[in-house]
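> This structure is in structure tokens; I'll ask about it shortly.
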Amino acid sequence: MSDLLSKAPERTARRVEGFLDDRELKWGKHKKIKVGKVFHNFHCKICDDQRTFESGDELYCLGLDEHTVSIDATLRCTACQSSVETWFLVASTENISGFAPEVRIERYTENLRDRAERIGEAPGQFGDLVRRAQIAYDAELGAGAMVYLRWILESITYEVAEIAGIPTTGKKNGRIPFRDLLERVNEERRIIPQRFSSNGYKLFGELSEIIHGNSTEEEALKKFKPCLQLVLGVVEEVNRDNVFAKAIDELGWGADDIDEIAGDAS
């Protein structure tokens with residue numbers, strides 16, 4: 001069970017050793033269980049480095065029905081002892097109190113309390129939007145998660161356009177179609193990673209299709225992770241531009257002031 005919980009939010013089913021002593025945990029009843037320690041890696045804000053956070057030897061389990069339990073775990077940084085909270089909804093098609101039930105994590109939530117953040121999250125001002133997208137995804141709100149991803153893609157495109165002096169409005173001060181703006185910004189600043197530079201607008205279209213209700217929540221959840229990676233690729237590309245621009249500016253080569261694009265990336 002500890003391995004399963006440590007791999008959350010992965011939802012692969014796994015057969016585990018019985019952890020309820022072959023006795024059903026009735027609705028609303030609590031029980032301390034010993035299933036081994038839970039480990040998660042986070043970026044600890046106190047240490048300002050990647051750290052392993054671990055639970056104690058006992059976890060708290062709450063009975064919901066014969067197939068489902070809720071498990072709470074407090075994890076502490078192994079270096080500075082800062083703590084965060086995690087919560088798991090664990091379910092089984094069998095009786096979960098059995099000798100060796102096959103279980104899966106149906107839902108996973110974490111309260112990092114500004115003490116830690118997930119490894120690989122976007123830096124700068126877009127990090128909060130990425131976190132919100134991840135929270136929506138963990139709550140199985142696929143379309144809601146995609147809203148944040150599209151917001152990031154739109155925001156970063158308009159901010160780069162403003163800093164690079166690329167017009168965002170056309171005749172009668174109307175907004176330029178986003179497809180055209182994205183192409184113009186990418187031609188001048190290359191914000192779309194080279195591997196899918198010709199499909200930048202296709203990513204926006206994919207996000208929009210989901211947001212406008214043209215796919216199911218199940219499809220949205222399935223597409224979230226690859227779309228997240230592509231959006232993060234755009235953020236990283238802009239951050240990379242920011243770093244290079246700062247270096248060139250320090251050499252006195254007259255680079256544009258691009259600091260505002262991604263906040264404190266260096």
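The values are calculated or read from the model by the stated rules, or taken from the named source; none is laboratory data. If you're wondering where the values come from, they're calculated on a predicted model, not measured in any experiment. Note that each Cβ is placed from the backbone with ideal geometry, even for glycine, and that neighbours are counted across all protein chains shown. Keep in mind that these areas ignore ligands, DNA and RNA; they rest on the heavy atoms of the full protein, side chains included. Shrake-Rupley method; radii C 1.70, N 1.55, O 1.52, S 1.80 Å.
> Tell me which residues, restricted to the range 27-52, are over 22 Å from the mean Cα position of the chain (by Cα) and open to solvent by less than 30 Å² (accessible area, probe 1.4 Å).
If the condition is that a residue be over 22 Å from the mean Cα position of the chain (by Cα) and open to solvent by less than 30 Å² (accessible area, probe 1.4 Å), then Ile33, Val35 are the ones that fit.
> Could you please let me know if Glu237 is more than 30 Å from Asp48 (Cα to Cα), buried (at least 18 other Cβ atoms within 10 Å of the Cβ), among the acidic types (Asp, Glu) and modelled with pLDDT under 85?
The answer is no for Glu237.
> A follow-up question, please. Within the range 169-213, which residues are open to solvent by less than 40 Å² (accessible area, probe 1.4 Å), within 25 Å of Met146 (Cα to Cα) and more than 22 Å from the chain's Cα centre (by Cα)?
Ile176, Phe178, Leu181, Leu182, Val185, Asn186
> Please find, among Glu24, Glu10, the residue that is acidic (Asp, Glu) and either open to solvent by less than 80 Å² (accessible area, probe 1.4 Å) or farther than 26 Å from Tyr137 by Cβ (or both).
Selected residue: Glu24, the only one of Glu24, Glu10 that is acidic (Asp, Glu) and either open to solvent by less than 80 Å² (accessible area, probe 1.4 Å) or farther than 26 Å from Tyr137 by Cβ (or both).
> Can you find even one residue in the range 53-66 that is touching a Gly at 6+ places or on another chain (Cβ under 8 Å) and surrounded by 13 or more Cβ atoms within 10 Å (Cβ to Cβ)?
yes
> Pull up the range 101-128, narrow it to residues that are modelled with pLDDT of 90 or more and open to solvent by less than 40 Å² (accessible area, probe 1.4 Å), then point me to the one that is nearest to the chain's Cα centre (by Cα).
Ile105
> Does Ile156 qualify as being closer than 22 Å to Glu237 by Cα, β-branched (Val, Ile, Thr) and within 21 Å of the chain's Cα centre (by Cα)?
Yes; evaluated as a whole, the condition is true for this residue.
> Now for a separate question. From Gln81, Gln134, which residue is under 17 Å from the mean Cα position of the chain (by Cα) and polar (S, T, N, Q)?
That would be Gln134, the only listed residue that is under 17 Å from the mean Cα position of the chain (by Cα) and polar (S, T, N, Q).
> Further, regarding this structure: Check off (1) out of contact with any Lys or Arg (no Cβ under 7 Å at 6 or more places or on another chain); (2) within 30 Å of Arg107 (Cβ to Cβ) for Ile191 and give me the number that stays unchecked.
All conditions are met except number (2).
> Among the numbered criteria (1) farther than 20 Å from Arg14 by Cβ; (2) among the polar types (S, T, N, Q); (3) touching a residue at least 12 places away in the same chain (Cβ under 8 Å), which single criterion is violated by Ser92?
Of the numbered conditions (1) farther than 20 Å from Arg14 by Cβ; (2) among the polar types (S, T, N, Q); (3) touching a residue at least 12 places away in the same chain (Cβ under 8 Å), the odd one out for Ser92 is (1).
> Are any residues in the range 164-191 closer than 16 Å to Leu153 by Cα and among the hydroxyl-bearing types (Ser, Thr, Tyr), and if so, which ones?
Thr168 - this is the single residue of the range 164-191 that is closer than 16 Å to Leu153 by Cα and among the hydroxyl-bearing types (Ser, Thr, Tyr).
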